[in-house]
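Reviewing the structure listed below.
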Ligand code: I3P
């Protein structure tokens, strides 16, 4: 995590309820490894922290994954996982993230909020 990656924008949504698996890093296939993250959405970034404490610490050098949402795509997928309520985010650099929650309302809430953030940060 770089100092410049730390969120500067107001938080839109946060919570420890999304499973994430990064399946591609800039086009390079990754081994799927579902992990529960403390997830934070700002108007143009999605940040995955190990837990809530890590978010408050905001240490540069910590293993936080930062997804830049400008120019990203989001879509529901039933093909890339045997799990339910899975959607994929593809970044403008070609990284692919699967997000999942067992609760459909939770998955819908995140999908809608991320889609809105993508739309507004892509226009800007
Ligand atoms: C993977 C693991 C994932 C599963 C994936 C498996 O095995 O079981 O949970 O994805 O299926 O390959 P491993 O831990 O040995 O890497 P889902 O839970 O999303 O189905 P996949 O290869 O069909 O993506």
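Quick note: the coordinates plus some simple rules give every number you see, no bench work behind them. Everything numeric here is computed off the predicted structure, so don't read it as measured data. Cβ placement follows ideal geometry from the backbone for every residue including glycine, while neighbour counts extend to all protein chains displayed.
Just a few scattered comments:
- Qualifying residue in the range 87-105 (condition: assigned to a helix (DSSP H, G or I) and either within 14 Å of the chain's Cα centre (by Cα) or away from the ligand (no atom under 16 Å from the Cβ) (or both)): yes
- Taken together, 35, 78 contain a single residue that is within 16 Å of the ligand (Cβ to nearest atom) and without any contact (Cβ under 8 Å) to a residue 12 or more places away in the chain, which is 78.
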